[in-house]
Amino acid sequence: DAEITQSPRHKITETGRQVTLACHQTWNHNNMFWYRQDLGHGLRLIHYSYGVQDTNKGEVSDGYSVSRSNTEDLPLTLESAASSQTSVYFCASSDSDTQYFGPGTRLTVL
Amino acid sequence: GESVGLHLPTLSVQEGDNSIINCAYSNSASDYFIWYKQESGKGPQFIIDIRSNMDKRQGQRVTVLLNKTVKHLSLQIAATQPGDSAVYFCADAGGTSYGKLTFGQGTILTVHP
């Protein structure tokens with residue numbers, strides 16, 4: 001069955017380190033999205049992509065970057081992790097309006 | 001700006017009761033609406049969607065109602081079960097925001113046996 005996976009599921013890192021969160025989907029969807037979820041803020045869009053080599057900034061993109069070298073993957077990189085980036089991160093994909101979400105990655109920055 | 005909000009942050013019901021979760025949106029250009037269910041420790045799960053050319057859509061035990069006049073949608077869950085306990089999010093899309101969703105804060109539904 002087609003699915004969307006994220007790895008790692010849990011990550012603890014230190015301030016200033018570079019961290020990459022993986023997202024892989026097997027639906028062959030063109031659109032992929034990264035969100036962070038924090039109490040009191042709901043789901044906030046970080047970056048998104050409409051296809052290979054296409055990336056766009058969302059509402060909370062500072063400190064994050066993405067690259068899209070193939071259809072299946074959209075890795076999210078924190079260039080220099082900050083404590084404010086402690087959160088749960090969700091990846092999603094879609095071929096139209098309906099987005100399907102991965103299981104999430106809980107990131108803790110100490 | 002665009003926003004999707006929820007009237008009630010928490011809802012507690014008894015098993016077997018019907019549940020109604022409400023959502024308001026502000027973008028009059030929105031033409032697509034989705035309800036997601038998120039259980040603890042999991043990602044949001046698609047429940048049901050509706051397009052703006054419809055007023056009502058039914059699924060298995062769930063119904064979504066859309067009132068475009070007052071920019072309001074609701075999710076009705078029939079015969080609520082303990083397994084329905086979760087956070088429910090509404091989201092909207094449309095206008096110039098192709099493929100992007102704007103999410104509400106979420107409503108916590110607790111079902112008591």
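The values are calculated or read from the model by the stated rules, or taken from the named source; none is laboratory data. Predicted model only: the values in this text are computed from it and were never measured. No Cβ is skipped: glycine too gets one built from the backbone with ideal geometry, and neighbour counts run over all protein chains shown.
Structure data summary
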quantity: Among residues of the range B:12-63, those that are among the basic types (Lys, Arg) and in contact (Cβ under 8 Å) with a residue 60 or more places away in the chain, counted; calculated: 0
quantity: Among (1) away from chain A (no Cβ under 14 Å); (2) in contact with a Lys or Arg (Cβ under 7 Å, 6 or more places away or on another chain); (3) crowded, with 21+ Cβ neighbours inside 10 Å, the one test that B:ALA93 misses; calculated: (1)
quantity: Any hit, the range A:95-107, residues being in contact with a helix residue (DSSP H, G or I) (Cβ under 8 Å, 6 or more places away or on another chain), more than 22 Å from B:ILE47 (Cα to Cα), crowded, with 20+ Cβ neighbours inside 10 Å and more than 14 Å from chain B (Cβ to nearest Cβ); calculated: yes
quantity: Candidate set from the range A:78-94 (those that are closer than 15 Å to A:MET32 by Cα and either of a type outside the set (S, T, N, Q) or more than 14 Å from chain B (Cβ to nearest Cβ) (or both)); member that is surrounded by the most Cβ atoms within 10 Å (Cβ to Cβ); calculated: A:CYS91
quantity: Condition met for B:THR69 (modelled with pLDDT under 95 and farther than 22 Å from A:LEU45 by Cα); calculated: yes
quantity: Residues of the range B:81-90 satisfying the condition of being buried (at least 22 other Cβ atoms within 10 Å of the Cβ) and either more than 10 Å from every other protein chain (Cβ to nearest Cβ) or at pLDDT 95 or above (or both); calculated: B:TYR88, B:CYS90
quantity: Qualifying position, being within 13 Å of chain B (Cβ to nearest Cβ), free of Cβ contacts under 8 Å to residues at least 60 places away in the same chain and over 16 Å from A:ARG68 (Cβ atoms), among A:ASP54, A:ASP38; calculated: A:ASP38
quantity: Qualifying residue in the range B:56-77 (condition: surrounded by 15 or more Cβ atoms within 10 Å (Cβ to Cβ) and within 10 Å of chain A (Cβ to nearest Cβ)); calculated: no
quantity: Odd one out for A:GLY63, checked against (1) surrounded by fewer than 16 Cβ atoms within 10 Å (Cβ to Cβ); (2) free of Cβ contacts under 8 Å to residues at least 24 places away in the same chain; (3) at negative phi; calculated: (3)
quantity: Filter result for B:ILE77 (within 30 Å of A:THR55 (Cα to Cα) and modelled with pLDDT of 95 or more); calculated: no
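For every residue, the table says whether it meets (1) of a type in the set (Gly, Ala, Ser); (2) not in a loop (DSSP other than H, G, I, E, B).
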residue: A:ARG17; (1), (2): no, no
residue: A:CYS23; (1), (2): no, yes
residue: A:HIS29; (1), (2): no, no
residue: A:TRP34; (1), (2): no, yes
residue: A:ARG44; (1), (2): no, yes
residue: A:SER49; (1), (2): yes, yes
